[in-house]
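Colleague: This is the structure I want to talk about, given as structure tokens.
The values are calculated or read from the model by the stated rules, or taken from the named source; none is laboratory data. Quick caveat, the model's predicted, so the values are computed rather than measured. All Cβ positions, glycine included, derive from the backbone under ideal geometry; neighbour counts span all protein chains shown. Surface areas here come from the heavy atoms of the whole protein model, side chains and all, with no ligands, DNA or RNA. Shrake-Rupley method; radii C 1.70, N 1.55, O 1.52, S 1.80 Å.
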Amino acid sequence: MKSFRRWFLLVMLVLICPLFFVGGPDVYSSALFNNLWNYGHVIFFATALLFAQLVRPIPFGRAWLWVVLAIFILGLVIEFVQNFVGRDASWSDVAHNVLGAFIALCWGQRATNRRYLVIVLRVLSVVFMLPMLWVSTQLVYVDWQMRKQFPLINSFETSYELHQLANIGEHVSKQQVGNYITNGQFALAVTLAMDTYSGIKWVGRFGDWSQYRFFALDIYNPSSEALQVVLKIADLQHDRGTNALDDRFNRRISLSPGWNNLRIAMDDIRNAPAKRQMRIEEVNCLELFAVSLPKPQLIYVDNLRLE
């Protein structure tokens, strides 16, 4: 049985090791995928230390400190090397490496001598995992809720819908408000700043757009003057390609004072790239922004949906 465990752990190590340098999430991957990928660091180093303890037990005490220090240094080296293979270095990855090693040291230790201390350390290792598990649970819930409400993309009603939003520009601000509403009880107030680009973007891919004829959203402009904004829609191929302007849907829109109920034909989105059709089953980028405003402008956005 011990021999089987050794071979099993060794095979796992061989399979996991290349994933430090190839594959994995990129800047366009979902937050959920990024989070789940981080478990690979914990799993690899937990597996490595469990294997090591089957070959030669690591006694509790100073040896543990040396092992943790070695894993920490190894993690730094791995992150440094990743800079040269198109990967980004991350301190959180180093922390996950150490966490995996600590879990293996605690659970690979026989609870014979110092039994109660070993039990306490095992409980502590589980406690250290709880923040990571909590974040994963939240992200799974957000992803599930966004998929469940599709073809409604966002109506700014709930915390998980607000979680999907990100700012474009350093000084833009956004707030859930209870006025200028076309769906539900809330809308989103967005104060566009004087940055070169200022607006909001929706992060994540939630559903196949190909079965719908229109993309629609409602915007209220409280100003007495028209406001020029840009609506940008792109697929995964565009975002992982050259990001060329003529390879996406990019439309300037004049927001008249008062309500603007925008309705964009899906064929216009699909045929926007100059040399191909957009893969609207893989829409990955949705942005609304203004360019170089002379002064801050307030707008209210609500009810992003497919029809």
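Colleague: Say whether the condition of being among the β-branched types (Val, Ile, Thr), open to solvent by less than 40 Å² (accessible area, probe 1.4 Å) and out of contact with any strand residue (DSSP E or B) (no Cβ under 7 Å at 6 or more places or on another chain) is met by at least one residue in segment 120-137.
Modeller: Taking segment 120-137 as the starting set, the residues that turn out to be among the β-branched types (Val, Ile, Thr) are 120, 123, 126-127, 135, 137.
Cutting the leftovers down to open to solvent by less than 40 Å² (accessible area, probe 1.4 Å) gives us none.
Among the residues of segment 120-137, not one is among the β-branched types (Val, Ile, Thr), open to solvent by less than 40 Å² (accessible area, probe 1.4 Å) and out of contact with any strand residue (DSSP E or B) (no Cβ under 7 Å at 6 or more places or on another chain), which makes the answer no.
Colleague: Scan segment 110-129 and tell me whether some residue there is in a loop (DSSP other than H, G, I, E, B) and either modelled with pLDDT of 80 or more or within 23 Å of the chain's Cα centre (by Cα) (or both).
Modeller: No, segment 110-129 has no match at all.
Colleague: Taking segment 204-250, which residues are touching a strand residue (DSSP E or B) at 6+ places or on another chain (Cβ under 8 Å), part of a helix (DSSP H, G or I) and under 15 Å from Ile153 (Cα atoms)?
Modeller: Scanning segment 204-250 gives a single hit, Trp209.
Colleague: I'd like to verify a number: residues in segment 140-164 that are touching a strand residue (DSSP E or B) at 6+ places or on another chain (Cβ under 8 Å), surrounded by fewer than 17 Cβ atoms within 10 Å (Cβ to Cβ) and under 14 Å from Val203 (Cα atoms), how many?
Modeller: Residues in segment 140-164 being touching a strand residue (DSSP E or B) at 6+ places or on another chain (Cβ under 8 Å), surrounded by fewer than 17 Cβ atoms within 10 Å (Cβ to Cβ) and under 14 Å from Val203 (Cα atoms): 1 in total.
Colleague: I need the full set of residues from segment 50-77 which are touching a Leu at 6+ places or on another chain (Cβ under 6 Å) and open to solvent by less than 30 Å² (accessible area, probe 1.4 Å), in order please.
Modeller: Within segment 50-77, just Trp64 meets the criteria.
Colleague: Show the residue pairs meeting these rules: Cβ distance below 6 Å; 6+ apart or different chains; first residue within segment 183-210 and closer than 19 Å to Asn250 by Cα; second residue crowded, with 19+ Cβ neighbours inside 10 Å and polar (S, T, N, Q).
Modeller: Leu192/Ser198; Leu192/Gln297; Trp202/Gln164; Val203/Gln164; Gly204/Gln164; Arg205/Asn284
Colleague: In addition: Just give me the residues in segment 175-204 being of a type in the set (Val, Ile, Thr) and either open to solvent by 70 Å² or more (accessible area, probe 1.4 Å) or within 27 Å of the chain's Cα centre (by Cα) (or both), in sequence order.
Modeller: Val177, Val190, Thr191, Thr196, Ile200, Val203 - these are the residues of segment 175-204 that are of a type in the set (Val, Ile, Thr) and either open to solvent by 70 Å² or more (accessible area, probe 1.4 Å) or within 27 Å of the chain's Cα centre (by Cα) (or both).
Colleague: Grab the strands (runs of 3 or more DSSP E) fully contained in segment 251-307, keeping just those with 3 or more residues being under 30 Å from Ser173 (Cβ atoms), open to solvent by 60 Å² or more (accessible area, probe 1.4 Å) and of a type outside the set (Val, Ile, Thr).
Modeller: 258-265
Colleague: hydroxyl-bearing (Ser, Thr, Tyr) and in contact with a Phe, Trp or Tyr (Cβ under 9 Å, 6 or more places away or on another chain), is that true of Tyr116?
Modeller: no
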